Amino acid sequence: MTITEGQTAVAAFTPAELYARILRDEPLFILDVRNEEEFQRSPIEGRANLTTVNIPYFAFIEDEEGAAAQVPQDREIFVVCAKEGSSQYVASLLAERGYQARYLEGGYISWGNFYDIRDVVAADWGRIVQIARPARGDLSFAVISGGKAALIDPMRHIAVYRELVEKAGATITHLFDTHVHADHISGGPALAAATGAPYYVHAYDAIHPIDMLPAVIDYTHIQEGDRFQIGEVTITARWFPGHTLGQVNYRLDAPDGRSALFTGDGIFLRSFGRPDLGGKGEAWTPILYRSLTERLPQMADDTTLILPAHFSSLDEGSADGVFAAPYAEVRATNDALRPRDEAEFTSYVLSHLPVFPAEYVEIKRVNIGLVTPCEGKAGELELGKNICALAK
Amino acid sequence: MDFNQTLDVKGAKCPMPLVKSRKAVSELPVGQVLKVVATDRGSLADFQGWAKTAKNVELLAQETVNEGGQDLYVHYLKRTA
């Protein structure tokens, strides 16, 4: 595919290749040619050996030689733009000058919509599969056992989940959202419509906290203590209010004694979900405090695997990109669980709230059916990384 | 907004609206204004970013107009020297 006659042909790289290299922490040089604002909003993040430089493509149009001089000649250049065209253009210019350059297939949009799938647990009774969107720091899960599959916090691209479950020879029987998300569009209602499986969410989250309007999607109210059998495993709903009033953790118990807790935005591996996205931070912070200090110890054992809905940094995961840790480890390393009294906790939380993205109010509307965006708008709402955790 | 010439880049995808605009504005007599009509929404932010460092070019104005259900992004570029 060429965009201008006479351009040097250059090869593309895929999001999957990029992510594999990032996880291996290979020395990588990303040349991001989007405008500065877009770059600042959603840079591609990696580990220690990733170098990212932002030189907008129009700098190459304006002063090709000056812009190219800022790019190292002794290493491969991975060029990234918003939709592909400009990165292909810049990669071609660089190739003509003797650089080794490739461009990201589909641009940042395809990176943002890239899903990475890997097993967290594979046992006789079945599997726990992590389905991640690395660009956003979003995590979702499939529990597959005895030909049945429950999905926890499935995201917008529902074909990813349907293919995964079909390939496993199973049927989707339960769709669990830990809460009504503010940072991304849930795949739960669409999967319910496509598969007939019930979509579970807590009724408190079915009211938009800022609009004070009720959900118009079909959902089944999940409550503290509700139990479900998925093949050989049991899943129990545990109410964990704070990030939202209806946040629910799902505890999995397997026949071999293993357990896991899908914590959504209740607690992450190194942080926890901010309590202000409903616009009621001061009122909800004490509720979150009690969930963290009183409810959590009752729903997790030392060996219970904590499986959250987000990560902030790749370093929170294992070398192969699995974001899970036993509760004992999380308790020892997560600042959220450091012993504090309520006043200290409240002042810590309220002084560490990151920016409140305006689109989060709209995304909650989408997730309870008050608004239906087109694909382009949905993609824009979800651009960039989640900001659901407290600031450092 | 008064202008001297029009460049139609409707349907052109990034980076072509800017590539063509750069060329066209360079060919304008000094002091004249080029009206660029694009359908790529990203051109709004990109023209702003480009104009900050572009030589002898001033971005006089931008507007979004709806024509037959389609949004058009219009940029007015002046060759300053």
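The values are calculated or read from the model by the stated rules, or taken from the named source; none is laboratory data. What you are looking at is a predicted structure, and each value in this text was computed from that prediction instead of being measured. Positions of Cβ are backbone-derived with ideal geometry, glycine not excepted, and every protein chain shown enters the neighbour counts.
Key figures
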| read-out | value |
| --- | --- |
| Meets criteria (farther than 19 Å from residue A:263 by Cβ and either hydrophobic (A, V, I, L, M, F, W, C) or surrounded by fewer than 19 Cβ atoms within 10 Å (Cβ to Cβ) (or both)) for residue A:313 | no |
| Helices (runs of 4 or more DSSP H) within the range A:1-78 that include 2 or more residues away from chain B (no Cβ under 12 Å) | A:15-23, A:64-68 |
| Residues that are under 25 Å from residue A:284 (Cα atoms), surrounded by 13 or more Cβ atoms within 10 Å (Cβ to Cβ) and of a type in the set (Lys, Arg), drawn from the range A:368-392 | A:385 |
| Any hit, the range A:261-275, residues being touching a helix residue (DSSP H, G or I) at 6+ places or on another chain (Cβ under 8 Å), assigned by TED's automatic domain parsing to the domain that holds residue A:186 and closer than 28 Å to residue A:146 by Cα | yes |
| Unmet criterion (only one of (1) farther than 30 Å from residue A:152 by Cα; (2) out of contact with any Cys (no Cβ under 9 Å at 6 or more places or on another chain); (3) modelled with pLDDT of 95 or more) for residue A:119 | (1) |
| Options A:340, A:365; residue that is surrounded by 16 or more Cβ atoms within 10 Å (Cβ to Cβ) and either more than 25 Å from residue A:262 (Cα to Cα) or without any contact (Cβ under 8 Å) to a residue 12 or more places away in the chain (or both) | A:340 |
| Subset of the range A:232-256 (residues that are out of contact with any Gly (no Cβ under 9 Å at 6 or more places or on another chain), over 20 Å from residue A:125 (Cβ atoms) and among the polar types (S, T, N, Q)) | none |
| Among the candidates A:270, A:295, A:258, residue that is of a type outside the set (A, V, I, L, M, F, W, C) and at pLDDT below 95 | A:270 |
| Any hit, the range B:14-34, residues being buried (at least 17 other Cβ atoms within 10 Å of the Cβ), within 13 Å of another protein chain (Cβ to nearest Cβ), within 21 Å of residue A:81 (Cβ to Cβ) and touching a Lys or Arg at 6+ places or on another chain (Cβ under 7 Å) | yes |
| Output for the range B:41-52, where each listed residue is more than 7 Å from chain A (Cβ to nearest Cβ) and surrounded by fewer than 22 Cβ atoms within 10 Å (Cβ to Cβ) | B:41, B:44, B:48, B:51, B:52 |
| The range A:65-80 residues that are surrounded by 19 or more Cβ atoms within 10 Å (Cβ to Cβ), paired with ones that are acidic (Asp, Glu) and modelled with pLDDT of 95 or more (beta carbon under 9 Å, 6 or more apart) | A:79/A:32; A:80/A:32 |
| Odd one out for residue A:244 among (1) buried (at least 23 other Cβ atoms within 10 Å of the Cβ); (2) among the β-branched types (Val, Ile, Thr); (3) touching a strand residue (DSSP E or B) at 6+ places or on another chain (Cβ under 7 Å); (4) closer than 30 Å to residue A:365 by Cβ | (3) |
| Options A:366, A:349; residue that is modelled with pLDDT under 95, assigned by TED's automatic domain parsing to the domain that holds residue A:209 and more than 23 Å from residue A:121 (Cβ to Cβ) | A:349 |
| Options A:128, A:109, A:185; residue that is under 30 Å from residue A:13 (Cα atoms), crowded, with 24+ Cβ neighbours inside 10 Å and either of a type in the set (Gly, Ala, Ser) or touching a residue at least 40 places away in the same chain (Cβ under 8 Å) (or both) | A:128 |
| Those residues of the range A:351-388 which are of a type in the set (D, E, K, R) and under 23 Å from residue A:107 (Cα atoms), in sequence order | A:359, A:375, A:377, A:380, A:382, A:385 |
| Answer residue from the range A:209-246, given it is touching a Pro at 6+ places or on another chain (Cβ under 8 Å) and not in a strand (DSSP E or B) and is farthest from residue A:288 (Cα to Cα) among those | A:232 |
| Inter-residue pairs, beta-carbon under 8 Å, first under 25 Å from residue B:31 (Cβ atoms) and in the range B:62-78, second acidic (Asp, Glu) and modelled with pLDDT under 95, 6+ apart | B:73/B:40 |
| Test set (1) over 29 Å from residue A:21 (Cβ atoms); (2) of a type in the set (Lys, Arg); (3) surrounded by fewer than 21 Cβ atoms within 10 Å (Cβ to Cβ) - residue A:118 fails condition number | (1) |
| The lone exception for residue A:95 - which of (1) away from chain B (no Cβ under 11 Å); (2) out of contact with any strand residue (DSSP E or B) (no Cβ under 6 Å at 6 or more places or on another chain); (3) in a helix (DSSP H, G or I) it fails | (2) |
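Every residue, every condition in (1) closer than 21 Å to residue A:125 by Cβ; (2) not β-branched (Val, Ile, Thr), yes or no:
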| site | (1), (2) |
| --- | --- |
| A:210 | no, no |
| A:224 | no, yes |
| A:230 | yes, no |
| A:258 | yes, yes |
